[in-house]
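This report concerns only the one structure given below.
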Amino acid sequence: MQPAALMGSSLADWISAISQLIFLVIFILLFVGANQRLQVYVWKGDIKSKLGVIEWLATGARKRAREYIAKNKGRDVDRLLERTIDFFLIEPVSVEPTDIIKRMDHLFNVRRLRFKDFFKQAMSEADDVTRSRAEVAVEVASALNYIYKIVRHLLMYGEKTKNWILIMQLQLVMPMILQQARTLWKAQEHFLKGVPIGDGAGPLVAVRLAGEGAEWREVDDETVASEVDLEGRRLIIVKAKGPASSVGRPGRATERIVRDLVGKGVKPALLLTVDAALKLEGEETGSIAEGVGAAIGDPGPEKIRFERIAAEYDIPLRALAIKMSEEEAITAMNEKIYKAIDKAVERAKTIILQETRPGDTVILVGVGNTAGIAQ
């Protein structure tokens, strides 16, 4: 055999041997789960990079809130933030449902009043609008801090228990978590500027229906009402008191108004609630839908007041929803939502005129946050 042939055969044997060795090594690595470890390493790296962004947002939100409070003559700001950033509420026992709404309402109210007291004490020289903006700024900082701590906990717990499934699931949802965190960061800036947000669509509809020069009276805590004539109908309009950042107590205010009317021998012919509603992907921002029930994104205490008072006196309870995304709801009101306000006003008028008669009394409630929306 020629030397060249021998060399070729030897080279081929070496290549074959090396290939088999590589295949064997790969097989062993696969058998012991090296590929899985590598994948988990990549997942953890992705989670940690996004967690770093969330930490930056949480720290920045806290710093921005601190600067705003200090700029408005807040006292002992660091202690205020220390008490409010991790302020929590323990939900009432639900195993025994008896009077759960009453207990929930009480706890929510105590939490709200206690939170406000913190800012009244620390910002005694500031007005209500300024304090309300500071409250929201801290609420956002608190939410971002909570998101950061939860993600960090899940990552560290997954590493500690070597639970690659938990790490995989966390990595899959991280884009959505990060998007929510960025939305909160943007929302804090808009609240501090005092501009109307998307969730203010309901109150803005109420203001448009009341018209310029309408007289408003406070009917409940941070909740006002006005009366106008709409083609012979007595229209009572309810909304949260602005331009401070507040959602008021629309359910309780409406309940009081209805009982007062019934006590005077007047039964409302219609109760119409108008609120922002989260749209589904693919739906158009600013599209309007109508239905039956109480249009209010409430955990229960305010919403059930609408339902109970309507059922007690057999009042038709109608709803009007202005569609928007979660980001659009808590950030500055965009052009599409603003243009939808006029359409919602016309739709509300149509419902009232078609479903009531001249001489009837109608209650319309503009549900939502009145940041930047005065009476």
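A few comments on the model shown:
- Only a single item in (1) out of contact with any Asp or Glu (no Cβ under 8 Å at 6 or more places or on another chain); (2) more than 30 Å from Asp46 (Cβ to Cβ); (3) in a loop (DSSP other than H, G, I, E, B); (4) not β-branched (Val, Ile, Thr) is not met by Asp86, and it is number (2).
- Pairs are defined by a Cβ separation below 6 Å, a sequence spacing of at least 6 or placement on different chains, a first member in region 305-321 that is in a strand (DSSP E or B), and a second member that is among the polar types (S, T, N, Q); the pairs so defined are Ala319/Thr273.
- Taking first residues from region 142-169 that are more than 16 Å from Gly60 (Cβ to Cβ) and partners that are among the basic types (Lys, Arg), the Cβ contacts under 9 Å between residues at least 6 apart in sequence or on separate chains come to Val151/Lys50; Leu155/Lys44; Leu155/Lys48; Gly158/Lys44; Glu159/Lys44; Trp164/Arg37; Ile167/Lys44.
- Unique residue being among the aliphatic types (A, V, I, L, M), within 24 Å of Asn109 (Cα to Cα) and at pLDDT 95 or above when the list is Val224, Val228: Val224
- Boolean, Ile257 is part of a helix (DSSP H, G or I), farther than 30 Å from His153 by Cα and either touching a residue at least 40 places away in the same chain (Cβ under 8 Å) or assigned by TED's automatic domain parsing to the domain that holds Tyr313 (or both): yes
- Residue identified as closer than 23 Å to Arg347 by Cα, touching a helix residue (DSSP H, G or I) at 6+ places or on another chain (Cβ under 9 Å) and part of a helix (DSSP H, G or I) among Leu235, Leu209, Leu271: Leu209
- Condition met for Glu327 (in a loop (DSSP other than H, G, I, E, B), of a type outside the set (S, T, N, Q) and either surrounded by fewer than 20 Cβ atoms within 10 Å (Cβ to Cβ) or in contact with a strand residue (DSSP E or B) (Cβ under 9 Å, 6 or more places away or on another chain) (or both)): no
The values are calculated or read from the model by the stated rules, or taken from the named source; none is laboratory data. Treat the numbers as computed from the prediction; the structure is a model and nothing was measured. Cβ coordinates were reconstructed from backbone atoms using ideal geometry, including for glycine residues, and neighbour counts include every protein chain displayed.
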